[in-house]
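Chemist: Before I ask anything, let me first share the structure, which is written out below as structure tokens.
The values are calculated or read from the model by the stated rules, or taken from the named source; none is laboratory data. Because the structure is a prediction, the values reported are computed rather than measured. Positions of Cβ are generated from backbone atoms using ideal geometry, with glycine treated the same way; all protein chains shown enter the neighbour counts. Protein only, heavy atoms only, side chains kept; ligands, DNA and RNA dropped before computing areas. Shrake-Rupley method; radii C 1.70, N 1.55, O 1.52, S 1.80 Å.
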Amino acid sequence: MTLTVADDPPDRPGWVSETIRLLADGTDEWRARLLARVEQATDADLGAGSDDDWGVGQIAVHLLIVERGVTLIALRLAHGQEAGSTGQPRPAASAVTRPGISTLAEKAAGALHRLRAEFPAEPNTGTTARHPFYGDMNCFGWLLTLPNHYIAHLRALEGGTVTAI
């Protein structure tokens, strides 16, 4: 078998759409896993946690806000637009509610739907925005933070370890 390396493969639009589909499908799965944890949690569990050791409710709010934000930042960058705010929310346990989590989940799913529908076949990869931890990244860099972010928080939650990243 021969491997051919090309700077501009003719199948790039297909590669881009498949990349977005895979990333979005994976994000949907991580969100569903998170929401299953929320569903199983008692109201007391949802309101538990501190600034240094987040509870399931804080983690849910945080992940859903970040998912929506990252998705919209990546979409703007792919269109060559400025990213907007890139700050990281740190939710207080006392502010967590089941209806609030549900609303955030709907917003995150809506943003991912927009990403699937509006991500360009030839995205702008030169426009970047500063990530609070990783520095300047283009649309793909931002999108690749989604699975890592979900995995880190959910593994910590499921393993009973401290999470407040």
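Chemist: Can you list residue pairs whose Cβ atoms sit under 6 Å apart, with the first residue in region 27-46 being under 24 Å from ARG116 (Cα atoms) and in a helix (DSSP H, G or I) and the second being open to solvent by less than 50 Å² (accessible area, probe 1.4 Å) and among the aromatic types (Phe, Trp, Tyr)? Count only pairs 6 or more apart in sequence or on different chains.
Modeler: Within 6 Å, the pairs are TRP30/TYR150.
Chemist: Only one of ALA74, ALA48, ALA83 is open to solvent by 30 Å² or more (accessible area, probe 1.4 Å) and aliphatic (A, V, I, L, M); which?
Modeler: When all the criteria are applied, what remains is ALA48.
Chemist: Could you please find all residues in region 93-132 being closer than 16 Å to VAL66 by Cα, open to solvent by 60 Å² or more (accessible area, probe 1.4 Å) and modelled with pLDDT under 95?
Modeler: Result: ARG130, PRO132.
Chemist: In region 133-143, which residues are assigned to a loop (DSSP other than H, G, I, E, B) and open to solvent by 70 Å² or more (accessible area, probe 1.4 Å)?
Modeler: PHE133, TYR134
Chemist: Of these, THR103, THR161, which one is free of Cβ contacts under 8 Å to residues at least 60 places away in the same chain, out of contact with any helix residue (DSSP H, G or I) (no Cβ under 7 Å at 6 or more places or on another chain), among the β-branched types (Val, Ile, Thr) and part of a helix (DSSP H, G or I)?
Modeler: So the residue among THR103, THR161 that is free of Cβ contacts under 8 Å to residues at least 60 places away in the same chain, out of contact with any helix residue (DSSP H, G or I) (no Cβ under 7 Å at 6 or more places or on another chain), among the β-branched types (Val, Ile, Thr) and part of a helix (DSSP H, G or I) is THR103.
Chemist: Could you please give the count of residues in region 10-33 that are surrounded by fewer than 12 Cβ atoms within 10 Å (Cβ to Cβ), of a type in the set (D, E, K, R) and at pLDDT below 90?
Modeler: 1
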